[in-house]
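Only one structure is covered here, and it is reproduced in the block below.
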């Protein structure tokens, strides 16, 4: 992540970037090898063969990679283009927060109970992608009620549908005694996806003009490109979840795990 975050500033072809990425790759290989040969590994590598665990973690990676850039660039649009100060900009995001809480507490559990986790994960990522596409239509002379609120609520609905089912699936798919390991993996997946997605979308936004402070049109073009890129991540995530997730009721992952471990 350090190498990718620094790359837009120092250059993708710079020695600093390649050294950071090379060291990261070497450390990752060393960790995998050490876990593979250890008699009591910190992370049992075969856990990723557990049905739905790997797919749910991938959904979390892509969900973080789409959602966090949207939140970041929407705040920048409000402050740098619409000239909101910090407090009104934060208050403008409260409707999204309220909808996310409502969706996670009420809507997502009911859909999971009726259809299992796959349906809300696939649908949530798809709705998130639609919201991102809508946000990409922002204008330099836009306003909150037209350019921000409707699209942001659609994106928030998608996030609320996908997050809890993918998180719960990743954790419940593991053995009961490995719940802590599964929780650590899925939390890391979301954080890594968030960081990588934000770094990538920042590079895209800068390439389309978001580095031109004071130029409302250029900033809007850059932010719009970032929203489209984040929407593409969510759309890809929806497709991958559709293909890789097994459509089983919420209570079934433990049975899958029992079959795997016997």
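Read-outs: derived from the displayed coordinates by stated rules, not from any lab. No experiment lies behind these values; they were computed from the predicted model shown. Cβ coordinates were reconstructed from backbone atoms using ideal geometry, including for glycine residues, and neighbour counts include every protein chain displayed.
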- Note on the structure: Taking Cα atoms, the helix 15-37 axis meets the longest principal axis of the chain at an angle in degrees (rounded to 10) of 20
- Note on the structure: Here P(r) for the range 36-154, Cα-Cα distances in 10 Å bins, as whole percents, is 11, 34, 27, 17, 9, 2, 0
- Expected sort for 17, 220, 244, 97 with the fewest Cβ neighbours (10 Å cutoff) up front is 97, 244, 17, 220
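FRET efficiency for residue 36 and residue 110, Cβ-Cβ distance as r, R0 = 35 Å, nearest 0.05?
After rounding to 0.05, the efficiency reads 0.25.
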- Item | For the range 48-261: rounded, prolate or oblate by the Cα gyration tensor [a/c cutoff 1.5] | prolate
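Roughly speaking, what is the stretch gain from residue 242 to residue 49, that is 0.36 nm per residue apart minus the C-alpha to C-alpha distance, in nm to one decimal? Let's see the in-between values first.
Details: separation 193, 0.36 × 193 = 69.48 nm, distance 1.80 nm.
Taking 0.36 nm per residue and subtracting the Cα distance, the gain is 67.7 nm.
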- Per q in 0.17 1/Å, what log10 I(q)/I(0) does a Debye calculation on the alpha-carbon atoms of the range 122-222 return? -0.90
- Task: Would you order 67, 18, 134 from fewest to most other beta-carbon atoms within 10 Å of each residue's own beta-carbon?
- Result: 18, 134, 67
- Item | Interatomic Cα distance distribution for the range 1-59, bins of 10 angstrom, percent | 21, 29, 31, 18, 1
- Taking the Cα centre of each part, how many Å lie between the range 154-213 and the range 48-107? 9
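Can you sort 196, 167 from fewest to most other Cβ atoms within 10 Å of each residue's own Cβ?
Numbers: 196 19, 167 23.
Ascending number of Cβ neighbours within 10 Å: 196, 167.
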- Query: Can you give the relative contact order of the range 121-201 as a percent, counting alpha carbon pairs under 8 Å and 6+ residues apart?
  - Reply: 31
- Item | Separation of the residue 175 and residue 94 label points, Cα + 7 Å toward Cβ, nm | 4.9
- Query: What is the helix-to-structure angle for 179-207, meaning the angle in degrees between its Cα long axis and the longest Cα principal axis of the chain, kept from 0 to 90 and rounded to the nearest 10?
  - Reply: 30
